[in-house]
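The values are calculated or read from the model by the stated rules, or taken from the named source; none is laboratory data. Quantities reported herein were computed from a predicted structural model and do not represent experimental measurements. Every residue, glycine among them, receives a Cβ derived from its backbone with ideal geometry; neighbour counts consider all protein chains shown. Protein only, heavy atoms only, side chains kept; ligands, DNA and RNA dropped before computing areas. Shrake-Rupley method; radii C 1.70, N 1.55, O 1.52, S 1.80 Å.
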Amino acid sequence: MARMTMIEAIRDAMDVKMGQDEDVVVFGEDVGYFGGVFRCTHGLQAKYGKERCFDAPINESAIVGAGIGMATYGKRPCIEIQFADYVLPAYDQIVSEAARMRHRSNGEFTCPMVVRMPTGGGIFGGQTHSQSPEAIFTHVSGLKTVIPSNPYDAKGLLIAAIEDDDPVIFLEPKRLYNGPFDGHHELAVTPWSKHEKGEVPEGHYTVPIGKAQIVREGSDVTILAYGTMVFVAEAAAREQGIDAEVIDLRSLLPLDLETIQKSVEKTGRCVVVHEATLTSGFGAELAALVQQHCFYSLEAPVKRVAGWDTPYPHAQEWDYFPGPKRVGAALKATLEAK
Amino acid sequence: MADNKESGHKGPLSIHIPEPPGRPGDKPDFSHIKIPKAGETRCPDLDTKAEDMRDMAYSIVRVLDRKGNAVGPWAEYLGDDLTDETLLRGLKDMMVTRAFDQRMQTAQRQGKTSFYVQCTGEEAIATGFQRMMRPGDMNFPTYRQQGLLIAAECPLIDMMNQIYSNEKDPLDGKQLPALYSFKDHGFFTISGNLGTQYVQAVGWAMASAISGDDKISSAWIGDGSTAETDFHSGMLFASVYKPPVVLNIVNNQWAISSSNAIAGSQNTTFAARALGYGFPSIRVDGNDYLAVLAASKWATERARRNLGPTLIEWVTYRVAAHSTSDDPTAYRPQTESDAWPLGDPIERLKLHLIANSDWTEERHTQAKAEIESEIIRIQKEAESHGTLNKGHGPDAEMMFEGVYKEMPEHLVRQRIEFEKQGLEG
Ligand SMILES: Cc1ncc(C[n+]2csc(CCOP(=O)(O)OP(=O)(O)O)c2C)c(N)n1
Ligand SMILES: [Mg+2]
């Protein structure tokens, strides 16, 4: 066991898989010699050679398209999009191609590819370094979408994603790279080296795709969260003194409905939080599922806390970000609702 | 055809991964860039067909020789545009750009803003090009063309207010620092997504032509970003519709940590991209202010005379880090910028002016000091309106404004919710 940052854990996952499986190939913008702008691939080129880890031209569509070509040949590409905000040129390749490869060829061609990308705000990155595009992936049949919230899960989920025989979108909350940021931007973040979830086993292990984790047990209200918002939710519950159960979904699609259902049946109330914009966000799917499956247990309407429906602003970052105060207010309102 | 068995490849197949000429610890090496003598490259007539000037995509237009003299056909082509006054203004524009960059870089380090991008070593390109643009024309710049604004006399205070996201920020804090929008100065709103604006510039020029207008546009992109699909889309539309657009590529050798070889320049030039599309292309010494003026005049003249698009590859070097988030010592030789064979644009124009006008070393030193103190004065004024983390920022509610022309019901509700929370907290 070693304490790692989320960056090191992600790197370690690729290292483990590249060591085990010659078919794992890593590429993307600046990922080769330099090791990526967030340094997630640092050292992999030196260790595994230039044909296993290399720089790509700045063309996201081509990066994903070439990845698909490799995956259909039999490789296991694990590719990096420098920021989730820059995945859009590749959207056609992901949606029309990667996601449907298995279905349209009736299993003749498959696409075991991982597309990693840093997501979320909190670094004053403005509208092009802050977005959370998970819903545009969960909306697509044929894709899996996962989002870890800590180094342990990041490594285990990434190994599982690389081993998965279908395309996996791997979202990395960049504000969590170095520590469990909980929305209190005015305070210094505890580094992962001082946090138990920074504890990462050596070698191979997986966190199964499709399994959520209860990170805080409680009986009065269930909070469904993922990525950065897991820590924001915990902070909100703690600060408001609310006995909330916080579920870290970890995998958005497939979704661990069983864990959600059990929790909401127990608490009778549910708040869904995400950083992405509200309208047609993944929270809408969660709210719909909860009302469908837990209707007779619900004592209050399911509430959503999300980013406002605007582009991510630069200077107003902390007015935009759904921090512990907003989540706390939603928790109180949900508990008070009759 | 040769016998496959005899001449065919025997070993396993392999792919080619291009490498830069040097990494940290290596000696800088620019021997792969073939540099013709100043004045050597020809100046074709404006209506020359692309097929009759293919050589121009592989050569480099240069005007200033090593002693600072303006030589050759491109100097002649500049004709009346080559006055001391023009060149002094160019020198000043470049010096202002560099001093402005230095102050803003430091301001970022002091926490007064979140981000900044310098254009050190590339000042001649944008400042020189802008001299050939007219009111009503439109540049579609990248984050490294602040020189366009400075040469267009955009008030520096407005630029700083945007960088500081303060109460006078013309963009109300919405956009990243230095991703300006200054329509009145012919400067299109900058996107953070690379390449997207290249094809938009082409569309803008098409609209001007369709409307029977006389405006031209100019597209800007970095060497690395020519890899984006939108670059090729822009080239395609330019070649099909022949609108009045100048397509610029600023080849500063690097795209963050990737050398331009990763953008596909190892066996060709970026200028040569236009040859496949069949429109004229020239490759120019981007650190030579006179060459910049001449090539910009040539390409904008072609556009104004309805002769269609021109591609220009500006050969230059990114002296600074990619941005305030970057440290180039991790991926390129430390002294690489000293080894850059095309020199420094300010020094080269200064040498020319000292040799050919009444400009002197003393005057230059004095001008530099004056520019710096003027920028410090403006900076103080800008800071009196606040910086990112100090003083009044733009109103938080501004983030809800301008998503649509008229705010839809759901956003009105969200804004009210936002305001209510502010009161409770
Ligand atoms: C679509 C997209 N992909 C990736 C990025 C991240 N990025 C920002 S600048 C940059 C390098 C651009 O290099 P180049 O085009 O050569 O311009 P330069 O910075 O050298 O002026 C990259 C990869 C981005 N902004 N947009
Ligand atoms: Mg570049």
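Points worth noting:
- Residues (buried (at least 20 other Cβ atoms within 10 Å of the Cβ), in a helix (DSSP H, G or I) and within 15 Å of ligand 2 (Cβ to nearest atom)) located in the stretch B:318-346: B:PRO328, B:GLU336
- B:PRO36 surrounded by fewer than 16 Cβ atoms within 10 Å (Cβ to Cβ) and under 27 Å from B:GLU123 (Cβ atoms): yes
- Cβ-Cβ under 7 Å pairs, at least 6 apart or on other chains, the stretch B:95-118 side free of Cβ contacts under 8 Å to residues at least 60 places away in the same chain, far side assigned to a helix (DSSP H, G or I): B:THR97/B:GLU123; B:THR97/B:THR127; B:THR97/B:GLN146; B:THR97/B:GLY147; B:THR97/B:ILE150
- The listed residues are A:ALA84, A:ALA98, A:ALA160, A:ALA135, and the only one of them that is closer than 29 Å to A:LYS197 by Cα and either within 16 Å of ligand 2 (Cβ to nearest atom) or open to solvent by less than 10 Å² (accessible area, probe 1.4 Å) (or both) turns out to be A:ALA84.
- When the stretch A:16-41 is filtered for residues that are more than 13 Å from A:GLU80 (Cα to Cα) and in contact with a Gly (Cβ under 8 Å, 6 or more places away or on another chain), the ones remaining, listed by number, are A:VAL16, A:ASP23.
- Residue tally, condition in contact with a helix residue (DSSP H, G or I) (Cβ under 8 Å, 6 or more places away or on another chain), more than 23 Å from A:GLN240 (Cα to Cα) and open to solvent by 10 Å² or more (accessible area, probe 1.4 Å), over the stretch A:285-309: 5
- The stretch A:37-64, residues that are small (Gly, Ala, Ser) and open to solvent by 20 Å² or more (accessible area, probe 1.4 Å): A:GLY43, A:ALA46, A:GLY49, A:SER61, A:ALA62
- Just one of the listed residues (B:GLY224, B:GLY192) is within 16 Å of ligand 2 (Cβ to nearest atom), modelled with pLDDT under 95 and open to solvent by less than 20 Å² (accessible area, probe 1.4 Å), namely B:GLY192.
- Filtering the stretch B:39-68 to residues that are touching a His at 6+ places or on another chain (Cβ under 7 Å) and open to solvent by 50 Å² or more (accessible area, probe 1.4 Å) leaves nothing.
- The numbered conditions (1) outside any loop (DSSP other than H, G, I, E, B); (2) away from chain A (no Cβ under 12 Å) are all true for B:GLY212 except (1).
- Only one of the numbered conditions (1) closer than 29 Å to B:HIS322 by Cβ; (2) buried (at least 17 other Cβ atoms within 10 Å of the Cβ); (3) without any contact (Cβ under 8 Å) to a residue 40 or more places away in the chain is not met by B:VAL71, and that is (1).
- Residues satisfying the stated conditions in the stretch A:174-210, i.e. over 23 Å from A:MET1 (Cα atoms) and either open to solvent by 50 Å² or more (accessible area, probe 1.4 Å) or not acidic (Asp, Glu) (or both): A:LYS174, A:ARG175, A:GLY183, A:HIS184, A:HIS185, A:GLU186, A:LEU187, A:ALA188, A:GLY210
- Any chance A:ARG76 is more than 10 Å from every other protein chain (Cβ to nearest Cβ) and open to solvent by 60 Å² or more (accessible area, probe 1.4 Å): no
- Within the stretch B:151-162, considering residues that are away from chain A (no Cβ under 11 Å) and open to solvent by less than 10 Å² (accessible area, probe 1.4 Å), the one farthest from ligand 2 (Cβ to nearest atom): B:ASN161
- Residue list for the stretch B:259-277, restricted to those being assigned to a loop (DSSP other than H, G, I, E, B) and not small (Gly, Ala, Ser): B:GLN266, B:ASN267, B:THR268, B:THR269, B:PHE270
- Exactly one residue out of B:LEU176, B:LEU148 is touching a Gly at 6+ places or on another chain (Cβ under 9 Å), open to solvent by less than 20 Å² (accessible area, probe 1.4 Å) and either within 14 Å of another protein chain (Cβ to nearest Cβ) or at positive phi (or both): that is B:LEU176.
- Residues in the stretch B:216-230 that are within 14 Å of ligand 1 (Cβ to nearest atom), more than 9 Å from chain A (Cβ to nearest Cβ) and either hydroxyl-bearing (Ser, Thr, Tyr) or touching a helix residue (DSSP H, G or I) at 6+ places or on another chain (Cβ under 6 Å) (or both): B:ALA219, B:ILE221, B:ASP223.
- A single entry from B:ILE262, B:ILE256, B:ILE249 fulfils the requirement of being among the aliphatic types (A, V, I, L, M), at positive phi and within 11 Å of ligand 2 (Cβ to nearest atom): B:ILE256.
- When the stretch A:118-139 is limited to residues that are touching a residue at least 24 places away in the same chain (Cβ under 8 Å) and away from every other protein chain (no Cβ under 14 Å), the one that is farthest from A:HIS314 (Cα to Cα) turns out to be A:THR138.
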